[in-house]
Amino acid sequence: MSERQRAAKRHAAQAGFIYGGRRPFGWQPGPRVTDHAGRTGRRLEPHPVEHQALKDAVTLVLSGAGLREVAVHWQARFGITGHEGGLVSEQKVRAALISPRLVGYRQHQLPPHRRGVSVDPLDHIARTPDGEPVVSQEPVCDLATWHRIQAALRSRGTGVRNGWGTRAWLLTGLLWCPCGGPLAGVAQPQKPDADGHRVVRYVYRCKANRRHGAGTCTGGASITAPPAEQHVIDWLFEFFSSDRLDAHNMKAESAIAEAVARIDADLAVAGEELDVLREKASSLTVGTELHQIITGMIAHVHERIANLHDERVALTVEHPMPLTHQQLVAAWPTLNNESRRTLLRQLIHHIDLAPGRGHPAERLNIVLRSEE
């Protein structure tokens, strides 16, 4: 992204305007407006249902309710559901409650989540040139109440449920249950032995019945995590030492070439559209309603071009070169869990888990991306 585009996004953030990204829970894009400095854009306005749901969540959490109780309340009162009609996940409820958006602040340049790294959300909000926080949308609560919510969430340890934070789960997002749902990593403390030592069993388990109601998953599939992960690691090393790797790489390179060609075609179309809009804007009087509309359209085309360039860079520059077996053997011990998962996802589309209690080799069917 060019410095000009970064500056445009920075100015939009300082003005409290939307400049791309997903719509945040609780708000929706409002009409296009012009501020006192002559900057034009769209700000967030309260969503007719979700904004009140956030207010209820604040009241519930401060009265001692858990995140799951909030999700149940959202479903019962507002009809707000998560994936495939189930409850909103506790993780998403928590993400909504820790966001400075509750106070009306505009999040800006929030770094990606990294396991074990704590980030203060207030360090990543848009600020005016004087350093004051930008209030870009109607708040749900004041700053003092927001701090009380954070203290309540921290006191309950809601950030490390089900073993998260205590163990690296290699196959998260890859394992699929026979019912079609994803399997989640779960820590299951066992009964203490004679010496009082409590062993923790780590498994991947389907949570469809918990999320969508009893009977959603009739199999209740699960598999012990360490042997399942070791089976996939062994498969990975065997795959890298076989002829299948060359065939996979050739197919992947062909797919990348097709994707780059599509992006280049989209860039050409966007460039032509930009030229037409610029020519139209140059013939209009600055400040008129039509000129503002055309200027907004130009900004949207610029944003589309920037996204296409980012996508192209990800495919051509940031896309890693295929590893050899020798390189994998040397690199694997130095990779953290996130890097190992990324490597697996570059090859594997998903892993089907068969019901039963057999060996992982009998129950796990690895489906490659090139086979999809």
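The values are calculated or read from the model by the stated rules, or taken from the named source; none is laboratory data. Just so it is clear, the model here is predicted, and its values are computed rather than measured. With ideal geometry, Cβ positions are generated from the backbone for all residues, glycine too; neighbour counts draw on all protein chains shown.
Looking at this structure, is residue 238 outside any loop (DSSP other than H, G, I, E, B), more than 28 Å from the chain's Cα centre (by Cα) and under 24 Å from residue 175 (Cβ atoms)?
yes
Looking at (1) under 22 Å from the mean Cα position of the chain (by Cα); (2) in contact (Cβ under 8 Å) with a residue 24 or more places away in the chain, can you tell me which one residue 270 breaks?
(1)
Any residue at all in the range 117-136 that is modelled with pLDDT of 90 or more and over 17 Å from the mean Cα position of the chain (by Cα)?
Checking the range 117-136: not a single residue is modelled with pLDDT of 90 or more and over 17 Å from the mean Cα position of the chain (by Cα).
Scan the range 158-177 for residues that are on the phi < 0 side of the Ramachandran plot and at pLDDT 85 or above and report the count.
The number of residues fulfilling the criteria is 8.
Among the candidates 302, 291, single out the residue that is in contact with a Ser or Thr (Cβ under 7 Å, 6 or more places away or on another chain) and either closer than 30 Å to residue 366 by Cβ or not acidic (Asp, Glu) (or both).
After ruling out the rest, the residue left standing is 291.
Of the residues in the range 26-51, how many are part of a loop (DSSP other than H, G, I, E, B), among the aliphatic types (A, V, I, L, M) and within 16 Å of residue 140 (Cβ to Cβ)?
1
List pairs: first in the range 99-125 and under 19 Å from residue 169 (Cα atoms), second at pLDDT 75 or above, Cβ under 7 Å, 6+ apart or cross-chain?
Listed pairs, sorted by first residue: 115/338.
From the set of residues in the range 37-62 that are at pLDDT below 90 and farther than 13 Å from residue 24 by Cβ, which is surrounded by the most Cβ atoms within 10 Å (Cβ to Cβ)?
41
Could we say that residue 298 is over 30 Å from residue 342 (Cβ atoms), of a type in the set (A, V, I, L, M) and not assigned by TED's automatic domain parsing to the domain that holds residue 33 here?
In short, yes.
Could you give every pair whose Cβ atoms fall below 7 Å, whose first residue belongs to the range 68-96 and is of a type in the set (Phe, Trp, Tyr), and whose second residue is assigned to a helix (DSSP H, G or I) and modelled with pLDDT of 90 or more, counting only separations of at least 6 or pairs across chains?
Hits for this filter: 74/53; 78/53.
Inside the range 267-372, counting only helices (runs of 4 or more DSSP H) that do not spill past its ends, which hold 2 or more residues that are more than 30 Å from residue 167 (Cα to Cα)?
Fully inside the range 267-372 and qualifying: 289-316.
Pull up the range 202-228, narrow it to residues that are charged (D, E, K, R) and at pLDDT below 85, then point me to the one that is surrounded by the fewest Cβ atoms within 10 Å (Cβ to Cβ).
Ranking the qualifying residues of the range 202-228, first place goes to 210.
Is it the case that residue 266 is among the acidic types (Asp, Glu), under 29 Å from residue 354 (Cβ atoms) and either surrounded by 12 or more Cβ atoms within 10 Å (Cβ to Cβ) or modelled with pLDDT of 85 or more (or both)?
The answer is no for residue 266.
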